[in-house]
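K.L.:
Here's a structure for you.
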Amino acid sequence: MTIVDALRADALGELDRAVAGATGDHALADIEFLPVIPNPPKIICIGVNYETHRNEIGRDPSAKPMVFARFPISQVGHGEPMIAPPESGTYDYEGEIAVIIGKPGRRISQADCWDHIAGYAPYNDGSIREWQRHTPQWGPGKNWYKTGAFGPWMTTRGEIADDQDLHLKTRLNGVEVQNAKSSDMIFKIPELIEYCSTFIPLEAGDVIVTGTPGGVGVRREPKLFMKDGDVVEVEITEVGVLSNPIRAEAV
């Protein structure tokens, strides 16, 4: 049974009972991690959702969330290399909080949104900046093969209080480059679920990637991009640390 199978069957509680009191058969260092949801029905990403990021890119405020899509083939799991393509020298990090949907719904109210959340995980919305800027549509810069990361695991809603202030940090080669809290979001998680579920039904296993705070490499002086041999970490203090090496693509 996969996590998505368990979500669709409303069986997360059964998994909890199955592992209660059990000890692991393998050390974490010996495990090959997949993305938390390897093949989600949808990856809905939110752009410019922290005031610090909006200010650093000089964008006017938006009355509604900025939404774009990622494809599953663009993501890797914890510990797996994120791939720097030879066509770019502007591979940028974006640490984010991912919300995993557990209960399907359409036109979900903000008051009911928490009942539709399965859990949370760190996400690195790795971006190829010059391709992102080819047109006003960001898709090409956000969907290069294996440029995003999702993991290491999902912390369930039952382990985190609804509306808890989650602490997000990003580090590149051990140096902190982003630091924010979920309370800093312009559009909070209930607003995002209400908005997204209005234009499309949300399904069990869908992922909403809620936006990155200020500190991205493209807006630093000097600019700071990821390159072969680097290690990038995205931490949600209440969940865990997503860590990935950067590898140049072999062509």
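The values are calculated or read from the model by the stated rules, or taken from the named source; none is laboratory data. The structure displayed is predicted, hence computed values, not measured ones. Note: ideal-geometry Cβ built from the backbone for every residue, glycine included; neighbour counts use all protein chains shown. Heavy atoms of the whole protein, side chains included, go into the accessibility calculation; ligands, DNA and RNA do not. Shrake-Rupley method; radii C 1.70, N 1.55, O 1.52, S 1.80 Å.
K.L.:
Treating only the Cβ atoms of Lys and Arg (+1) and Asp and Glu (-1) as charged, compute the dipole magnitude of the stretch 1-142 about its Cα centre; round to the nearest 20 debye.
P.N.:
It comes to approximately 700 debye.
K.L.:
Where does each of 71-79, 159-167, 200-208 land if you order them by average Cβ count within 10 Å, highest first?
P.N.:
The most tightly packed comes first, giving 200-208, 71-79, 159-167.
K.L.:
Before I look further, what does the stretch 13-161 give for accessible area per residue, probe 1.4 Å, in whole square angstrom?
P.N.:
Details: 7160 Å² over 149 residues.
Accessible surface, normalised per residue, equals 48 Å².
K.L.:
Step through the residues of the stretch 108-117 one at a time and calculate ³J(HN,Hα) from phi using the Karplus curve (6.51 cos²θ - 1.76 cosθ + 1.60, θ = phi - 60°), rounding each to whole Hz and writing x for Gly and Pro.
P.N.:
Each residue of the stretch 108-117 in turn: 6, 6, 4, 5, 9, 4, 4, 5, 9, 9 Hz.
K.L.:
With +1 on the Cβ of every Lys and Arg and -1 on the Cβ of every Asp and Glu, and nothing else charged, how large is the dipole of the chain about its Cα centre, in debye rounded to the nearest 20? Could the numbers behind the result be given before it?
P.N.:
Details: 24 positive and 36 negative charges, 161 e Å.
That gives a dipole near 780 debye.
K.L.:
Relative to a virtual label point 7 Å from the Cα of K103 in the Cα→beta-carbon direction, which members of the stretch 34-49 show backbone nitrogen distances below 15 Å?
P.N.:
Backbone N within reach: none found.
K.L.:
Another question, if that's okay. Strictly over 25 Å apart at the Cα level, which of K103/K188; K146/K188; K146/K181; K181/K227 would you flag in this model? Can you show the working numbers first?
P.N.:
Working: K103/K188 19 Å; K146/K188 28 Å; K146/K181 27 Å; K181/K227 27 Å.
In this structure, K146/K188; K146/K181; K181/K227 lie more than 25 Å apart at Cα.
K.L.:
Give me the percent of accessible area attributable to carbon and sulfur for the stretch 115-211, probe 1.4 angstrom.
P.N.:
Carbon plus sulfur share of accessible area: 51 percent.
K.L.:
Using a Förster distance of 51 Å, how high is the FRET efficiency between D165 and V251, based on the Cβ-Cβ distance and rounded to 0.05?
P.N.:
FRET efficiency, D165 to V251: 0.70.
K.L.:
Let me ask another. Cα centroid distance between the stretch 67-129 and the stretch 165-212, in Å?
P.N.:
Here the answer is 8 Å between Cα centres.
K.L.:
Sticking with this one: Going by a ≥ b ≥ c, the root eigenvalues of the Cα gyration tensor, does the stretch 1-93 fall in the rounded group (a/c under 1.5), the prolate group (a/b larger than b/c) or the oblate group?
P.N.:
Because a/c hits 1.5 or more and a/b exceeds b/c, the stretch 1-93 counts as prolate.
K.L.:
Could you order R171, R157 so the one with the most accessible surface comes first? Probe is 1.4 Å.
P.N.:
Sorted by accessible area, descending: R157, R171.
K.L.:
Could you work out the helix-only [θ] at 222 nm for the chain, with each DSSP H run of four or more residues adding -39,500 (n - 2.57) and the total divided by the number of residues, to the nearest 500 deg cm²/dmol?
P.N.:
Value at 222 nm, helices only, nearest 500: -4000 deg cm²/dmol.
K.L.:
Could I ask something else about it? Put +1 on the Cβ of each Lys and Arg and -1 on the Cβ of each Asp and Glu in the chain; which of L12, F71, H26 then has its Cα farthest toward the positive end of the dipole?
P.N.:
The Cα lying farthest towards the positive end belongs to F71.
K.L.:
First select every other residue whose beta carbon is under 9 angstrom from the beta carbon of L202; then total the charges, Lys and Arg +1, Asp and Glu -1. Spell out each step's value before the answer.
P.N.:
Working: positive: K42, K103, R106; negative: E203, D206.
With Lys, Arg at +1 and Asp, Glu at -1, the net is +1.
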